[in-house]
Amino acid sequence: MAMEVVDPDAIHAARVTLIRTIAAAHGETFAALYGRLADAGAFSPDAASAGRRALRNACLRYLTSADDENAAALADAHVRSATNMTDMVAGLAALSRMDSPKRDAAFAHFHDRFAKDPLVLDKWMGLQAGSPRPDTMVRVRALMSHPAFDIKNPNRVRALIGAFCGNQVRFHAVDGSGYALVGETIRTLDKLNAQVAARMAGAFETWRRFDAKRQALMRRELETMVKTPGISSNLFEVVTKMIG
């Protein structure tokens, strides 16, 4: 049954508990399947190989569900032994949840390897923005000052801020910090690319589905947008419809 009032923290906690419970019950099966599905030959894009990679990466999610140092070691090995982007991203996604030196080392290694490829760095930024860790918003703010990020480039904005908007735990942080970050970005974007700003404002569209405190915080951001001097007609129309 769907929640009448959305509770992002409860949903996240329930999901983590479910994954860890399944992992505890079937860990040996996941480990055996993970080992058996390892690619023995050269990378192939065919459907069977892609399916094998997808299933192995699903096993990795369960095998690293404890988010401890053993899990970090497995995810790190997964990244460093990968021969394709799909596996690298799966390993980094697992590490993104963890408080481990291996996390920072793996992300730094990935960045240095693909520093000249903007589209790959989009993935690098997006994985960090999607992390459920408490320091995610701080990292996102830091990444907004990174040379790879350009607020004038819609692809970079979608990769970082768009990914953060999809992070249900951190965007909906109960202190409103996630809303403030996105609200600030939208107001800045509106002066540069009104269409992108208006689309990004859609992150607030479901504000009435949440508890009273989050509703108030989201509405405050929307009202701040409307009152911003020089607001574009695109953003004004989208936001006033949400409030009204």
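Can you give the Rg to Rh ratio for the chain, taking only C-alpha atoms and Rh from Kirkwood?
Details: Rg = 19.8 Å, Rh = 19.6 Å.
Radius of gyration relative to Kirkwood radius: 1.01.
How many lysine pairs in the chain, separated by 8 or more positions in sequence or lying on different chains, have Cα atoms less than 30 Å apart?
15
If amide hydrogens are placed 1.01 Å from N in the peptide plane, which non-local residues have theirs closer than 5 Å to the one on Val6?
It is Phe210, Asp211, by chain and number.
Within the range 193-233, which GluC sites (Glu not before Pro) sit in a loop by DSSP and count at most 15 neighbouring Cβ atoms inside 10 Å? Intermediate values should be presented prior to the final figure.
Working: sites: Glu205, Glu221, Glu223; in loops: Glu205.
Loop-located and lightly packed - Glu205.
Round to a whole number: what % of the accessible area of the chain belongs to carbon and sulfur, probe 1.4 Å?
Of the solvent-accessible surface of the chain, carbon and sulfur hold 58 percent.
Considering the Cα positions of the range 18-74, please state its Rg to one decimal place and its Dmax as a whole number of Å.
In Å, with Rg to one decimal and Dmax whole: 12.3, 35.
Can you list the HN-Hα couplings for the range 235-240, worked out from phi with the Karplus curve (6.51, -1.76, 1.60; θ = phi - 60°), rounded to whole Hz and with x for Gly and Pro?
5, 4, 5, 4, 6, 5
If you add up the charges near Asn57, with Lys and Arg at +1 and Asp and Glu at -1, over every other residue whose beta carbon is less than 13 angstrom from its beta carbon, what do you get?
Working: positive: Arg52, Arg53, Arg56, Arg61; negative: Asp39, Asp87.
For residues surrounding Asn57, the net value is +2.
Mind ranking 99-109, 16-26, 67-77, 164-174 by how tightly packed they are, going by the mean number of other C-beta atoms within 10 angstrom, highest first?
Values: 99-109: 16.0, 16-26: 13.0, 67-77: 18.0, 164-174: 20.5.
Listed from highest to lowest mean packing, they are 164-174, 67-77, 99-109, 16-26.
Within 13 Å, Cβ to Cβ, of Arg219, how many net charges do the neighbouring residues add up to if Lys/Arg are +1 and Asp/Glu are -1? Could you put the intermediate results ahead of the total?
On the way: positive: Arg208, Arg209, Lys213, Arg214, Arg220, Lys227; negative: Glu205, Asp211, Glu221, Glu223.
Every neighbour counted, the sum reads +2.
Between the range 35-112 and the range 212-244, how many Å separate their Cα centres?
So the separation of the two Cα centres works out to 40 Å.
For the ranges 179-189, 233-243, what's the packing order if you count other beta-carbon atoms within 10 Å of each residue, average per peptide, and put the highest first? Kindly include the intermediate steps, with their values, before the conclusion.
Values: 179-189: 20.5, 233-243: 15.9.
Per-residue mean Cβ counts within 10 Å order the peptides as 179-189, 233-243.
Along the Cα-to-Cβ line of Ala77, 7 Å from the Cα, sits a label point; which residues in the range 23-44 have backbone N less than 17 Å from it?
Under cut-off, by backbone N: 27-40.
Can you give me the accessible area per residue for the chain, using a 1.4 Å probe, in Å²? Walk me through the numbers on the way to the answer.
On the way: 12400 Å² over 244 residues.
Value returned for the chain: 51 Å² of accessible area per residue.
Once every Cα of the range 161-206 carries one equal point scatterer and solvent is ignored, give the base-10 log of I(q)/I(0) from the Debye formula at q = 0.17, 0.30 Å⁻¹, two decimals.
Debye output, listed in q order: -0.42, -1.13.
Quick one: Debye curve from the alpha-carbon atoms of the range 22-128 only, equal weights, vacuum; give me log10 I(q)/I(0) at q = 0.15, 0.20 Å⁻¹ to two decimals.
Per q value, in the given order, log10 I(q)/I(0) is -0.62, -1.06.
Please give me, ordered by residue number, the chymotrypsin sites (Phe, Trp or Tyr not before Pro) of the range 34-67 that lie in loop per DSSP and have at most 15 other Cβ atoms within 10 Å. Could the numbers behind the result be given before it?
Values: sites: Tyr34, Phe43, Tyr62; in loops: Phe43.
Those satisfying the criteria are Phe43.
Would you mind putting 122-133, 151-162 in packing order, based on average other-beta-carbon counts within 10 Å, highest first?
Details: 122-133: 20.8, 151-162: 19.2.
The most tightly packed comes first, giving 122-133, 151-162.
The values are calculated or read from the model by the stated rules, or taken from the named source; none is laboratory data. Since this is a predicted model, take the numbers as computed values, not measurements. Cβ: placed from backbone, ideal geometry, glycine included. Neighbour counts: every protein chain shown. When the accessible area is computed, the model is the full protein with side chains, heavy atoms only, and any ligands, DNA or RNA have been set aside. Shrake-Rupley method; radii C 1.70, N 1.55, O 1.52, S 1.80 Å.
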